[in-house]
Amino acid sequence: MTTPVSGGFDRDVEDFARGARAIVVLPDQGGSARDSDARLEETAGLALAIGVEVRHRIAYRVRAPKPATLIGSGQVEALAAIVRDDGIGLAVFDASLTPVQQRNLETRLGCKVIDRTGLILEIFGERARTAEGRLQVELAHLDYQAGRLVRSWTHLERQRGGFGFLGGPGETQIEADRRLIRDRMARLRRELEQVSRTRGLHRDRRQRAPWPVIALVGYTNAGKSTLFNRLTGSDVMAENLLFATLDPTLRQIGLPGIDKAILSDTVGFVSELPTQLVAAFKATLEEVVSADLLVHVRDVAHPDSAAQRADVEGVLADIGVAESTPRIEAWNKLDLLIGDAREDLLVEAERRDDVVALSALSGEGVDALMQAVAARLTAEHRRYAITLDAGDGAAAAWLHAHGEVLSQESDAEAIVIDVRMAPRDYERFMTR
């Protein structure tokens with residue numbers, strides 16, 4: 001089925017009804033740090049996020065991937081029997097499928113087939129709310145579909161014919177669609193470049209203010225939005241759902257010793273995040289790249305918490321976040337741990353100065369996180385004694401707004417202020 005998108009042409013989409021019965025298939029090729037059951041559970045969670053009913057979860061050991069179907073012919077036949085007997089309408093493969101593999105599997109199984117990238121793109125397409133988010137999702141989807149146009153035109157002639165320099169009608173249609181996709185992608189990139197420039201201007205204004213920017217990062221469903229809401233008093237969507245947050249949200253907060261700071265809630269990461277999405281969401285993720293401090297929110301109650309941490313750090317490196325960017329790990333969902341597991345985690349967190357154990361849901365440990373964030377942001381602050389003219393109230397107000405005023409004395413001729421602030425703020429003050 002083809003569905004029109006903004007831009008005036010049709011794109012092949014993964015079309016299935018909400019509530020359709022689905023089967024999740026893991027072609028296990030080995031080499032993963034994750035347990036196969038945990039991987040199946042995560043992919044099933046992704047599938048549930050688009051409203052399908054997951055009826056089966058199956059892992060197949062794949063020693064030698066088949067070019068035509070990825071999994072073996074016997075495994076395909078077993079799957080086809082399940083699809084036929086249980087009325088399955090969608091097969092979700094936790095792997096990257098080539099266009100040929102996807103087409104062949106759909107033919108052999110008799111149902112719609114999508115791979116991990118297609119599934120994540122479907123979720124993003126449903127969740128994007130802002131104009132910027134929709135632009136980014138469409139760009140990623142077009143990039144993904146560009147190599148899969150072969151699936152839309154299997155009914156047309158593909159053989160070269162005629163005068164040798166002309167393709168058959170199928171070839172002509174495919175090339176025409178590819179050109180339309182390239183043109184639309186070019187327009188989307190120009191619009192996103194404008195978005196990036198606008199964000200850059202906003203960041204420049206914040207830096208001139210300047211207020212420190214704290215970015216919440218982490219694996220999807222780690223509890224970032226719940227923590228964001230607790231720290232800011234906002235009502236950002238926070239559900240037990242993968243990719244509940246797509247569009248970035250920024251709010252002003254106060255911290256101990258810091259008058260104002262900007263807190264940013266960002267899209268959650270996931271293992272094997274499609275490269276198309278990393279590229280398309282670059283404008284959004286620039287908020288993370290330019291942040292003064294990252295708070296990495298981790299779901300410590302999840303069995304694959306360590307592997308999720310590695311995935312997040314990998315994406316951060318991919319988008320250009322410097323290793324020197326200060327980080328604090330917020331070990332979240334403490335409320336889900338009991339007994340020795342909880343005590344062991346609290347002891348481990350106490351030993352480290354870059355970790356705070358907390359529950360964003362109950363509020364336990366949140367005050368300690370705010371103290372740790374403030375301490376990290378002010379770690380390089382220095383103490384300065386500044387003498388101002390008695391009538392220079394604007395300069396005194398600036399120091400109060402951008403530093404921690406320890407004492408202030410004044411007489412008829414001068415104001416003497418003892419203040420702690422970042423060296424860069426002191427330099428900015430001296431050159432203002």
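Looking only at residues that are small (G, A, S) and surrounded by 19 or more Cβ atoms within 10 Å (Cβ to Cβ) in segment 15-64, which one is farthest from the chain's Cα centre (by Cα)? Before you say what the answer is, go through the steps one by one.
The initial filter retains those residues of segment 15-64 that are small (G, A, S), namely 17, 19-20, 22, 30-33, 36, 38, 44-45, 47, 49, 51, 59, 64.
Filter once more, so that each one left must be surrounded by 19 or more Cβ atoms within 10 Å (Cβ to Cβ): 22, 44, 47, 49.
Details: A22: 25, A44: 19, A47: 17, A49: 15 Å.
It comes out as A22.
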Task: Hey, R327 surrounded by 15 or more Cβ atoms within 10 Å (Cβ to Cβ), closer than 19 Å to T226 by Cβ and not hydrophobic (A, V, I, L, M, F, W, C) or not - done: no
Task: Where a residue in segment 385-408 is touching a residue at least 60 places away in the same chain (Cβ under 8 Å) and its partner, wherever it lies, is aromatic (F, W, Y), with Cβ under 8 Å and at least six apart - done: H402/F429
Open item on the list: Please determine whether any residue of segment 101-123 is modelled with pLDDT under 90, touching a helix residue (DSSP H, G or I) at 6+ places or on another chain (Cβ under 6 Å) and farther than 25 Å from S36 by Cα.
Closed with: no
Open item on the list: Restricting to segment 223-254, name every residue that is out of contact with any Lys or Arg (no Cβ under 8 Å at 6 or more places or on another chain), closer than 30 Å to S32 by Cα and at pLDDT below 80.
Closed with: A238, E239, N240, L241, L242
TODO: For D354, state whether it is surrounded by 12 or more Cβ atoms within 10 Å (Cβ to Cβ), touching an Asp or Glu at 6+ places or on another chain (Cβ under 9 Å), among the charged types (D, E, K, R) and without any contact (Cβ under 8 Å) to a residue 40 or more places away in the chain.
DONE: yes
TODO: Taking I415 as meeting all but one of (1) under 28 Å from V288 (Cβ atoms); (2) surrounded by 15 or more Cβ atoms within 10 Å (Cβ to Cβ); (3) in contact (Cβ under 8 Å) with a residue 24 or more places away in the chain; (4) out of contact with any Lys or Arg (no Cβ under 6 Å at 6 or more places or on another chain), write down the number of the exception.
DONE: (1)
Task: Among (1) modelled with pLDDT under 80; (2) touching a Lys or Arg at 6+ places or on another chain (Cβ under 7 Å); (3) on the phi > 0 side of the Ramachandran plot - the single one G257 does not satisfy - done: (2)
Open item on the list: Is it the case, given these coordinates, that A80 is out of contact with any strand residue (DSSP E or B) (no Cβ under 9 Å at 6 or more places or on another chain) and modelled with pLDDT of 90 or more?
Closed with: yes
- [ ] Tell me, yes or no, whether segment 48-57 has at least one residue that is under 21 Å from T98 (Cβ atoms) and touching a strand residue (DSSP E or B) at 6+ places or on another chain (Cβ under 8 Å).
- [x] no
Task: Given (1) buried (at least 17 other Cβ atoms within 10 Å of the Cβ); (2) more than 30 Å from V195 (Cα to Cα), number of the condition E77 does not satisfy - done: (1)
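The values are calculated or read from the model by the stated rules, or taken from the named source; none is laboratory data. Predicted model, so just to flag it, every value in this text is computed and none were measured. Ideal geometry is used to build each Cβ from the backbone, glycine not excepted, and the neighbour counts take in all protein chains shown.
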